[in-house]
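Shown below is the structure under consideration.
The values are calculated or read from the model by the stated rules, or taken from the named source; none is laboratory data. It should be emphasised that the depicted structure is a prediction, and the values quoted were computed from it without experimental measurement. Cβ placement follows ideal geometry from the backbone for every residue including glycine, while neighbour counts extend to all protein chains displayed. To get the accessible areas, we keep the full protein, side chains included, count just its heavy atoms, and leave off ligands, DNA and RNA. Shrake-Rupley method; radii C 1.70, N 1.55, O 1.52, S 1.80 Å.
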Amino acid sequence: MKVKKSGGAGGAAAAAAAAAAARTEEELGRKTLIGPDDVLGLQRVTSDYLCTPEENVYKIDFTRFKIRDMESGTVLFEITKPAASDDCDGALLCAFPEREHNDKKDIDPNAGRFVRYQFTPAFLRLRQVGATVEFTVGDKPINNFRMIERHYFRDQLLKSFDFEFGFCIPSSKNTCEHIYEFPQLSEDLIREMILHPYETQSDSFYFVDNKLVMHNKADYSYSGGP
């Protein structure tokens, strides 16, 4: 199945985000079921993951990711997940690779759920970016597959994105492109984000039938280097 969707926190999604009651990470940590309204109420980036890898009972596995500037078509970032038998050298899908290199037995249980991005300052002035993702699913059909992605600088929410993947048939490989409409940032905020790499962070929450099944995290540098 191949789908292409575009969208963001607009229309009904924006209304839902605005109406969501404020929530804390500690409150959600005590819940047995976390839904979309819960994460829309978060006021800051999470310090930990809100679900375990084992809760991904649908065996959703992201295998390729590409970011492009919609205006010029320039590919800004692209990564393919290595085969299971490969090392994680150079793969941003592997969380904290330095730990794994120093001690092969010290494998972080959240490896694969964290990405560190390094962009140039020009990225902050882009208006529209396309993110193409390729993923496989296990032997269960997936209904109402939805992602909510929230971006913060320090404790300030920059933008909340809300995307629908649609229905995924069992044992399928799927590709879709989400279109991110970026907010216009002030020059002062852009300057601060450039001067403070990795203080821009995001949470990506994935839901099936309104139940959280995956949670990925990322941080960002816009200084043009590591």
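In the stretch 41-51, what residues are open to solvent by 10 Å² or more (accessible area, probe 1.4 Å), touching a helix residue (DSSP H, G or I) at 6+ places or on another chain (Cβ under 8 Å) and of a type in the set (A, V, I, L, M)?
The answer is L50, and nothing else.
Let me ask something else about it. Anything in the stretch 157-214 that is assigned to a loop (DSSP other than H, G, I, E, B) and under 27 Å from L124 (Cβ atoms)? List them, or say none.
F182, P183, Q184, L185, S186, H196, P197, Y198, E199 - these are the residues of the stretch 157-214 that are assigned to a loop (DSSP other than H, G, I, E, B) and under 27 Å from L124 (Cβ atoms).
Quick check on my filter: what residues within the stretch 189-215 are open to solvent by less than 30 Å² (accessible area, probe 1.4 Å) and closer than 30 Å to V57 by Cβ?
Taking the stretch 189-215 first, the residues open to solvent by less than 30 Å² (accessible area, probe 1.4 Å) are 189-190, 193, 200, 202-208, 212-215.
Matches in the stretch 189-215: S202, D203, S204, F205, Y206, F207, V208, L212, V213, M214, H215.
Can you find a residue that is surrounded by 15 or more Cβ atoms within 10 Å (Cβ to Cβ), modelled with pLDDT of 95 or more and under 18 Å from E164 (Cα atoms) anywhere in the stretch 20-29?
No; the residues of the stretch 20-29 include none that is surrounded by 15 or more Cβ atoms within 10 Å (Cβ to Cβ), modelled with pLDDT of 95 or more and under 18 Å from E164 (Cα atoms).
Mind listing just one residue for me: the one in the stretch 133-148 that is assigned to a strand (DSSP E or B) and open to solvent by 20 Å² or more (accessible area, probe 1.4 Å) and, of those, farthest from L212 (Cα to Cα)?
Filtering first and then ranking leaves E134.
Name the residue, out of K140, K159, K173, that is more than 17 Å from the chain's Cα centre (by Cα), among the charged types (D, E, K, R) and under 24 Å from V115 (Cα atoms).
Result: K173 is the single residue among K140, K159, K173 that is more than 17 Å from the chain's Cα centre (by Cα), among the charged types (D, E, K, R) and under 24 Å from V115 (Cα atoms).
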